[in-house]
1. Skipping prolines and chain starts, which residues have an amide H placed within reach, meaning under 5 Å, of the one on I232, given they are 5 or more residues away or on another chain?
2. So between L320 and V238, what do we pick up on full extension, going 0.36 nm a residue minus the alpha carbon distance?
3. Return the carbon/sulfur percentage of the accessible area of the chain, one whole number, probe 1.4 Å, all protein chains in place.
4. Sort the following peptides by mean Cβ neighbour count (other Cβ atoms within 10 Å, averaged over residues), highest first: 15-25, 137-147.
5. With angles folded into 0 to 90 degrees, how steeply does helix 171-181 sit against the dominant principal axis of the chain? Use alpha carbons for both and round to 10.
6. What shape does segment 1-51 have by the C-alpha gyration tensor, where a ≥ b ≥ c are the square roots of the eigenvalues, rounded means a/c under 1.5, and otherwise prolate means a/b greater than b/c and oblate the rest?
7. Work through the residues other than F308 whose Cβ is under 12 Å from its Cβ and net out their charges, Lys, Arg +1 and Asp, Glu -1.
8. Hey, what did the chain get for relative contact order, percent, Cα under 8 Å, at least 6 apart?
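The values are calculated or read from the model by the stated rules, or taken from the named source; none is laboratory data. Remember, it's a predicted structure, so these values are computed and weren't measured experimentally. Don't worry about glycine lacking a Cβ; one is built from the backbone with ideal geometry, like all the others, and counts go over all protein chains shown. Quick note on the areas: whole protein, heavy atoms, side chains included, nothing else; ligands and nucleic acids left out. Shrake-Rupley method; radii C 1.70, N 1.55, O 1.52, S 1.80 Å.
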Amino acid sequence: MPSRAQTLERAARLRSYFEAAGAEPVETPVLQPAETLLDLYGEDIRGRAYVTSDALRGEQMLRPDYTVPVVQKHMEHGAEPARYTYAGEVFRRQEHDPDRANEYIQVGYEVFDRENPAAADAEVFALIAEALNGLHLRAATGDIGILMDAVRGLKTTDRRKTALMRHIWRPRRFRALLDRFAGRAPVPPTRAALLEAAEPLAGDTPKIGKRTGAEIADRIDALRADAQAAPISDNELVGLETLLAVRETMPFALEQLRDVAVDLPQITPALDRLEARIEALKARGVDVAGLDFEASYGRTSMEYYDGFVFGFYAETRPDLPPIATGGRYDALTRQLGNGAEIPAIGGVLRPGLMLELEEGAQ
């Protein structure tokens, strides 16, 4: 295993590499306000982060990653365009795998540039691929934005689309909702009884939990309205299922997705962006004909990604997490920008894993 000193030395070299590419080095506090992260991800983040409390500052989290504080820093003080790099520790709780690190060094490169998003996508991917040269990794890519656009354009209620959007990053829950909204899944008996009752809140049924009576009544009204909504059409459902199953090299994936757009025309702008990205990657010398594209890739990652996503994996070491990951997070700049926004993409590498692979090869 590489020593901490070796890992820090490699991290410094990687950061210098990104500085040479035009990035400004930045630092962020190790302790981050928990409120911001909870607003972004909900209570799920507690299962992945170390949370503590401060009498003056309230709940704090040990930095689970760099992207959120870097975006905050840029939206408060940054110029346009901007490129940043950083190196330091991040912390993730590991409750199921004692062999995975709960504290490790991360090096990153972030680009804020509204002029040419496709070129920025290619820039970040190509720079990180070059930094990993010689490690013989498999690169995987995807685009969360295609699925998002597909959901936003469904001919169904806004409430259903909101529920599907919320669970894009939870594939099993997303699939269950899709089956329910398409009329493929039976209504649970308890829900059917609730909807059929004339006065479901009448009687001595105990009220358990924090919801008020009015909130429960509103929820029942929403369930009744949903029960009256027309199911998602077979054409749209088949289109979504075909989209999610696409797994090809980039050019062939684009061809298949163009066919899907016949039933889901709302994804056409996202496919045009994918085509522009392919051309930008080619211009950077990336072999797109051999680059894997998976339409479902990235759906279990951090929830701020909303476009191009990628990762690099050691296929000879399936026990290891990805050596590098990244993606586009335009919506995050809007959420943290107090009314401002800018297209942004970034990626991170794990120098400790890079060294471990090099030691194994030797």
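1. Long-range HN contacts for I232: A182, G183.
2. Gain on stretching L320 to V238: 26.0 nm.
3. 50
4. Sorting 15-25, 137-147 by mean packing, highest first, produces 137-147, 15-25.
5. 30
6. oblate
7. -2
8. 24
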